[in-house]
1. Scanning for something more than 17 Å from Val154 (Cβ to Cβ), within 16 Å of the ligand (Cβ to nearest atom) and crowded, with 19+ Cβ neighbours inside 10 Å, does region 85-92 turn up at least one residue?
2. Say we look at region 262-277 and pick out the residues that are open to solvent by less than 70 Å² (accessible area, probe 1.4 Å) and in contact with a helix residue (DSSP H, G or I) (Cβ under 8 Å, 6 or more places away or on another chain); which of these is nearest to the ligand (Cβ to nearest atom)?
3. Name the single residue that is nearest to Gly100 (Cα to Cα) among those in region 1-58 being polar (S, T, N, Q) and buried (at least 16 other Cβ atoms within 10 Å of the Cβ).
4. For residues that are more than 14 Å from the ligand (Cβ to nearest atom) and of a type in the set (S, T, N, Q), scanning just region 146-186, find the one that is most open to solvent (accessible area, probe 1.4 Å).
5. Can you give me the ranges of the strands (runs of 3 or more DSSP E) entirely in region 1-77 with at least 2 residues that are within 19 Å of Leu212 (Cβ to Cβ) and within 16 Å of the ligand (Cβ to nearest atom)?
6. So Ile259 passes all but one of these: (1) within 27 Å of Thr150 (Cα to Cα); (2) within 15 Å of the ligand (Cβ to nearest atom). Which condition number does it fail?
7. If we keep just the residues of region 215-241 that are away from the ligand (no atom under 16 Å from the Cβ) and without any contact (Cβ under 8 Å) to a residue 12 or more places away in the chain, which is surrounded by the fewest Cβ atoms within 10 Å (Cβ to Cβ)?
8. Using beta carbons and a limit of 7 Å, which pairs, at least six apart or on different chains, have the first residue in region 109-138 and in a strand (DSSP E or B) and modelled with pLDDT of 95 or more and the second one of a type in the set (Phe, Trp, Tyr) and surrounded by 12 or more Cβ atoms within 10 Å (Cβ to Cβ)?
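The values are calculated or read from the model by the stated rules, or taken from the named source; none is laboratory data. This one's a predicted model, so the numbers in the text were calculated from it and none came from an experiment. Heads up, the Cβs are rebuilt from the backbone with ideal geometry, glycines too, and the neighbour counts pull from every protein chain shown. For the accessible areas, the whole protein counts, side chains as well, though only heavy atoms, and no ligand, DNA or RNA atoms are used. Shrake-Rupley method; radii C 1.70, N 1.55, O 1.52, S 1.80 Å.
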Amino acid sequence: MTIKDKTLVNINGQILKPEQASVSVFDRGFLYGDSVYEVTMTLDGVPFMVEDHMDRLEKSASKIGLPLPFAREEIVRQLITTVKSLGVKKSYVRIVCTRGAGEITLDPTKEQTGNFILICKELHPNPSHWYDKGVWMVIADVIKKHQRATDPSVKSGNYLNNVMAMAEAKQAGAFDAIMLNHQGMVSEGTTSNIWIVKDGKFITPPLDAGLLGGITRKSLLDLGKNQNLQMSEANFSPEEMKKADEVFLTSTTKEIVPIVKIDDQVIGSGQPGVNTRKLHALYQDLMVKHYKSEKSRLNI
Ligand code: PDD
C-alpha cells in the first residue's frame with residue numbers, strides 16, 4: 001500500500017503513521033460494513049461544519065443502534081489534535097466508528113468495544129477544470145436502496161451500492177454516476193447530492209427520495225433562504241433533469257461542481273451555468289465566514 005499524500009491515522013486516541021495503522025480482521029466494519037462514517041475537512045487546523053457532521057454521525061449511529069466509542073467533544077478534540085500533528089494547510093478528515101471486533105456472527109448485540117478511526121490526509125485543491133468546464137455523469141443502472149433496506153440517510157460503511165454505480169460511470173469513461181430511486185426518480189450521486197436549475201429556480205430532491213442529507217445541501221438551502229433565492233426540495237425524473245437549464249452536484253470536499261452532460265445529453269449550453277457559478281461564489285463566501293467563526297469558537 002502506498003499513500004502519496006501526507007497522512008496520519010488516529011485509532012482509539014493513538015496517532016499513528018499510515019503504515020502502522022491497522023484494525024482487526026474481525027472488526028465488523030471490515031466483515032459487514034457495520035460502521036458509520038463522516039467526511040469533513042480542515043483549513044489551518046479548523047474543522048469545517050464539525051457540529052453538523054457530528055449531528056449526522058450521531059444520527060447515523062443511533063439509527064443502526066451502534067454505540068459511538070467516544071462522546072462528541074472527545075471526537076472533535078481528537079480531530080483537532082490529529083490535524084495539528086499532521087501540520088498541513090488543508091486536510092481531508094474521515095471519521096469512522098465501527099461496532100468493533102468479536103466472534104464471527106451477524107448478531108450485533110454481543111458485547112464488544114467499538115473502534116474509532118480518524119484518517120487525516122493532506123487535501124489538495126480540486127482540479128480547476130471541474131469548475132471551469134464541468135463534468136460528465138451517467139445515470140446508473142443500479143438503483144439506490146429503499147429506506148427500509150440499508151437506509152440511504154445513514155452514512156454507514158456499507159457503500160457497495162454506490163461503488164457499483166461508480167463502476168458503471170468509470171466503465172463509460174464518465175466522472176461519476178447519478179442514482180435513481182426505486183420509483184425511477186433522481187435521488188443523488190454516489191457521494192454527492194444533485195441539483196437542477198430551471199427558469200432561475202434551484203431544485204434538489206427531498207430527503208424521502210432516498211438520499212443522504214448532505215451538509216453542503218443543507219447549507220445551500222439555508223443560504224437560499226437568506227439570499228432570497230428561489231430554492232426548493234422536489235422530486236424530478238431523469239428526463240426532467242436532462243432538460244434542466246443547469247445541473248450540479250454538491251459535497252463537502254467537491255463543494256459545487258457543474259454537470260454539463262448526462263449520458264449522451266448535453267445540459268443547457270454545455271457550459272457551467274451562470275446560476276451555478278453565482279451560487280458557488282456565495283457558498284465560498286459562506287465557507288470563509290464559517291472558518292473564521294469556528295476558529296474563534298473552538299479557540300484554535
Ligand atoms: N460523501 N450523498 C452521499 C451518498 C454522500 O456520501 C455524500 C458525502 C453526500 C454529500 O454530503 P455532504 O455535503 O455532507 O458532504 C451525499 C462524502 C464527501 C464522502 O463519502 O466522501
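1. Taking region 85-92 and keeping what is more than 17 Å from Val154 (Cβ to Cβ), we get 85-92.
With within 16 Å of the ligand (Cβ to nearest atom) added as a condition, the list becomes 90-92.
Checking which are crowded, with 19+ Cβ neighbours inside 10 Å leaves us with 91-92.
Yes: one or more hits.
2. Restricting attention to region 262-277, the residues satisfying the condition of being open to solvent by less than 70 Å² (accessible area, probe 1.4 Å) are 262-263, 267-268, 270, 272-273, 275-276.
Those left that are additionally in contact with a helix residue (DSSP H, G or I) (Cβ under 8 Å, 6 or more places away or on another chain): 262-263, 267, 272.
Working: Ile262: 17, Asp263: 20, Ile267: 20, Pro272: 19 Å.
In this case the residue turns out to be Ile262.
3. First, pick out the residues of region 1-58 that are polar (S, T, N, Q): 2, 7, 10, 12, 14, 20, 22, 24, 35, 40, 42.
Narrowing the set further to residues that are buried (at least 16 other Cβ atoms within 10 Å of the Cβ) leaves 7, 10, 35, 40, 42.
On the way: Thr7: 23, Asn10: 15, Ser35: 9, Thr40: 23, Thr42: 27 Å.
The extreme case among them is Ser35.
4. Among those residues, the one meeting the criterion is Gln171.
5. Working: elements: 7-11, 14-16, 35-43.
Counting at least 2 such residues, we get 35-43.
6. Unmet condition: (1).
7. For region 215-241, the residue satisfying everything is Asn228.
8. Phe116/Phe70; Lys121/Tyr92; Val135/Phe175; Trp136/Phe175; Met137/Phe175
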